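Some notes on the structure that comes next.
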Amino acid sequence: MAPLLEADKVSMSFGGVKALSDVSFDLHRGEILGLIGPNGAGKTTMFNCITGVVPGYKGHIRYDGEDLRNLKPHHRARLKIARTFQNLELFDELSALDNLLLPLDAFAPRGVIGDLLRLPMTVFDERKTQDKARSILHFLDLGDHADTPAGDLPVGLQRRLEIGRALALEPRLLLLDEPGAGLDARETAELARLLATVRERFKVTMLVVDHDMALIMRICNRIYVLDYGQMIAEGTPAEIRDDPTVARAYLGDAAVAA
Amino acid sequence: MLASVQWGLLPGFTVIGIALGGIYALAAIGLVLIYRVSGVLNFAQGAVSMFSAFVAYQVSIVMGAPALVGLLAAIGTGGALGYIIERFTIRPLAGRSALNKMVVTIGWLLVLQTAAGLIWKDTAYHAAVRLVRPSGFTFPGTSVVVGWDQLTTVVVALGLAFGTAAVLRWTTFGTSMRAVADDPDAARLWGINVNRVMAVSWIAGSAMGAIAGVLITPSINFDPISLTIVVIDAFTAALIGRLTSLPWTVVGAFFLGLAETYPRIFSSNAGAGHAVTFALVLLTLAILFRPGARLRQRITAGRDYMPVPATGNAPLRRLVVGTALGLGILVPLLLSGYYQYLAADALIVGLIVLSLVVLTGLVGQISFCQYSFAAIGAFTVGSLVGGHHWNFWPALALGVVASIGVGVLVGIPALRLSGLFLGILTIAVALFFDNFLLAPGTWDSFSGGISSWTVGRPSFLGVSLNGGYAFYLFALGVFGVAVLAVWNLSRSKTGRVLRAIRNSEIAAATSGVNVTAWKLVAFGISAGLAGLAGGLLAPLIGSVSAGAYSFQQSLTVVAIAIVVGVRSVAAAAVGGIFLIFGPELLTHTPVSTLWFPLIVGAILIVQVILTPQGVVVDWQERLRKRFPPGPRFPGGSEAPTRVLEIELPEREVVNV
Ligand SMILES: Nc1ncnc2c1ncn2[C@@H]1O[C@H](COP(=O)(O)OP(=O)(O)O)[C@@H](O)[C@H]1O
Ligand SMILES: [Mg+2]
């Protein structure tokens, strides 16, 4: 069977900056794949290409064997590709619950006319959707914060809520951009547990970017390493840990020699 | 038509076009300087120029001082206004969004424009302050006459533009200005006095505006309004310069001047030039915002988000709404016919405020052309009922549909724009309507040669709406249904999706929301509400004429919507009442109704600084604190089912 996601010589440049050059990788069903690399390596750009938020990459990104090139971000969401953002893009004004409702709303058959008139069908469907959102909220242990505006939550809970919003899409592919950024040791441990549960309960394939090596090594089956837009290594956590090129990319030549 | 093209006019029109370009360049230089350094798009720039030019008029024409003294007085006034605006109304907004600051400058626009109208009269003829004799010389080798004043304008424009560019580039102070423009926080760390640099840029930019104002007066209608809206042409020129490059702004200005002048060779329609401006605004915005183009847009640190309350206190809300409705039905019974008319007017204008609640309150898009959408409704009803003897109801329906269509059309170029740039686009739309679409003559062919129609009052379900109270009740019914519908929208999927788009387009899109479609839906609903209001104003007033739907009206309604609070449907009623009964109240005071926009502008400025959410929303918050709502989901905070308790392998020690 074809991999769930297949990047084939993807390149992207901004002005003179080559953010990605001929990056290829495969992501198989059920896998948790790590993507690591120093700041500015192009990890977020890769996510942006996969989700279609920056148009105009070269190369091919195939999902379930289908080229994503001509699909808009919301079409890709419809194919059940969900993501979180490095710099948290929650709907700050909306309550935590409404944040989770949004992806569900986006697919709901309710339209403007029904909303205007508040037809019984609309209200019924809305209740059903709310129940679903609330169960995700409880799953994330955020039940107490249902009515809190997302912007008022502490960062740790915001990160969790963002994962919840991605899960509300019932994704087949989940892209997590530095889910551990800004979390303390305890929150990171909870995150690792959460991701393990998510894989089990939601049967979702994941691509995770993070700088927390402990986290990545612990949850990922395989790891790819990006540096200056190029894929410099690929392997199991153990292989990556012992790879001198990777250490050099992170710490510089001097550190390796020392 | 082409038969009447007079190519012989070409050289003459070239001179006129270049002179016009000089005027636009003058107006744009200060704008660009202020935008570059402080990140504020100063909508009051034209008003500052105008006010300063009137000071020169006062000194030189009324008091008889030499023109040069008048010019100096104008420069002093401009600089002082720039300082006051920056020091007392922009600086307190540090850290707030660019849109907030822009709204303050709109307040200043209203204040200065109204003040000038009160002092020097809106309509009266004003003799221009002439610094140079209008006579000129014949361009060598041709028969084209170039006026000394035209030459002066162009030379001063070039001098100021390149002088400013040189100061920015080669002086120490210019370097600090550029540093502040790039990153105020970093500049502060470098020991630059950011406040002083900002103040100087506002003073200098406004003083240049004053020079522009004085030089412009001989060439355009010297009245408070015409001069103020020269700013839209200045915006267009500045956009061609990407709002940052002074030389390109000057090039843009000359291009614009010529592009507006040449159509007059082909067409006698005076509005043709404005149509060109409109096209150019669209074109420049399209080029600037093509995918991948990076416009240097200053991003201010502050994100001012207002949490959307999960729910109000329902019994309290029912009580307030019920009381308001009861009073709304009963009180006008006791009023005279005139006040019943005003009350109906207030409700219909309330629909226009409501249209902004949808567009600005939910999606966060600003629009200065709501009255243009209303005009579509009014003109459709007017021409069909008044000109073609249609029944009122189908005409109204068609009017609403037409305005929805136009709203969506305006929404399409607006898709890529936000905040300031959308503001510019909608102003261009409003002026295009004012000067071209609604200008006498445009609708003649459609209506059989009449351009002002009488529209009688219809009957509704067999009941004649001729009486003042009957029509009022009808308006109340329409308003109530519209408010209920918008309230329904705002608390269901549509409301959530639109708010989500305002908070983060990118997250909305990756959550499966078709952002484009939903923005157009919002534009459509908003324009439809405004069009409905226009269609109802026609039978209320009894006739349709263009003056009632001008850009000025749109500007005032935006100001009022922001003052009362654009996030709340309740604001619509309050806004409508304020807009109609405010001036009425003034007739009972020593202050004339003409003061109304000034008062609105002043309240707007204070408002944005003190309670940016708006008055009504502020009250609602207080009430909500006083009478807190019950839990939204009874039992919602019961012991959560813990599911995150899976054993994990020992944490590996990793040292990369
Ligand atoms: N929208 C953009 N415009 C211009 N440059 C960008 C944009 N997005 C990313 N870049 C550049 O691409 C490079 C890779 O950035 P990014 O993908 O964010 O790295 P990472 O996520 O690995 O830290 C950086 O040099 C960054 O400056
Ligand atoms: Mg990144």
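Bear in mind that the values in this text are calculations on the coordinates, not laboratory data. Remember, predicted model here, so these are calculated numbers, not experimental data. Here the Cβ positions follow ideal geometry from the backbone for every residue, glycine too, while neighbour counts run over all protein chains shown.
Output the antiparallel fraction of DSSP beta bridges having both residues in the protein assembly as shown, as a percent to the nearest 5.
Roughly 65 percent of the DSSP beta bridges within the protein assembly as shown come out antiparallel.
Given R₀ = 41 Å, FRET efficiency for B:A439-B:T323 by Cβ-Cβ distance, to 0.05?
The value I calculate is 0.35.
Counting only C-alpha contacts under 8 Å and six or more residues apart, can you give the relative contact order of chain B as a whole percent?
20 percent.
Whole-Hz ³J(HN,Hα) for each residue in segment B:11-27, computed from phi via Karplus 6.51 cos²θ - 1.76 cosθ + 1.60 with θ = phi - 60°, x for glycine and proline: what do you get?
x, x, 5, 4, 4, 4, x, 5, 4, 4, x, x, 4, 4, 4, 4, 5
Are any of the pairs B:K493/B:K625; A:K128/A:K203; B:K493/B:K519; B:K101/B:K121; A:K72/A:K128 more than 21 Å apart by Cα-Cα distance, and if so, which?
B:K493/B:K625; A:K128/A:K203; B:K101/B:K121; A:K72/A:K128
Of A:I240, B:I599, how do they rank once you tally other Cβ atoms within 10 Å and put the fewest first?
Ascending Cβ contact count within 10 Å gives the list B:I599, A:I240.
Please check: in the Gaussian network model of chain A (C-alpha springs, under 10 Å), which one of A:D242, A:D22, A:D64 has the largest mean-square fluctuation.
The residue with the greatest mean-square fluctuation here is A:D242.
Pick from A:A196, A:A185, A:A168: which is most flexible by mean-square fluctuation in a GNM of chain A where alpha carbon atoms under 10 Å apart are linked?
A:A185
Quick one: which residues, 5+ away or cross-chain, put their amide H under 5 Å from the amide H of A:A233? H built at 1.01 Å from N.
Here A:V225 satisfy the definition.
If I model a spin label as a point 7 Å beyond the Cα along the Cα-Cβ vector, how far apart are those points for B:T142 and A:E200 in nm?
About 8.5 nm, to one decimal.
Please list, in order along segment A:179-185, the HN-Hα scalar couplings obtained from phi with the Karplus expression 6.51 cos²θ - 1.76 cosθ + 1.60 (θ = phi - 60°), rounded to whole Hz, x for Gly and Pro.
Coupling constants for segment A:179-185: x, x, 5, x, 9, 8, 4 Hz.
Could you rank the peptides B:188-197, B:480-489, B:362-371 by their average count of other C-beta atoms within 10 Å per residue, with the highest value first?
Sorting B:188-197, B:480-489, B:362-371 by mean packing, highest first, produces B:362-371, B:480-489, B:188-197.
Which of A:T148, A:T122, A:T188 moves the most in a Gaussian network model of chain A with Cα springs under 10 Å?
A:T122
Inside 10 Å of the C-beta atoms of A:73-80, what's the mean count of C-beta atoms belonging to other chains?
That average works out to 5.
How far is the Cα center of segment B:409-434 from the Cα center of segment A:188-247, in Å?
Using only Cα atoms to place each centre, the spacing works out to 46 Å.
If we sort B:315-326, B:198-209 on the protection proxy, mean other Cβ atoms within 10 Å, highest first, what's the order?
Answer by packing, highest mean first, reads B:198-209, B:315-326.
Could you derive backbone 3J(HN,Hα) for segment A:167-176 from the dihedral phi with the Karplus parameters 6.51, -1.76 and 1.60 (θ = phi - 60°), listing whole Hz in sequence and x where the residue is Gly or Pro?
5, 4, 6, 6, x, 9, 10, 10, 9, 10
Going by C-beta contacts inside 10 Å, put B:I560, B:I18 in order with the fewest on the left.
If I rank by nearby Cβ atoms, fewest first, I get B:I18, B:I560.
What residues qualify as long-range amide H neighbours of B:L335, i.e. H under 5 Å apart, gap of 5 or more or another chain, H built at 1.01 Å from N?
none
Could you put A:Y57, B:Y125 in order, starting from the residue whose Cβ has the fewest other Cβ atoms within 10 Å?
With the sparsest Cβ surroundings first, the list reads B:Y125, A:Y57.
Once you average over the residues of B:495-501, how many Cβ atoms of partner chains fall within 10 Å of each Cβ?
Taking the mean over all residues of the peptide, I get 6.
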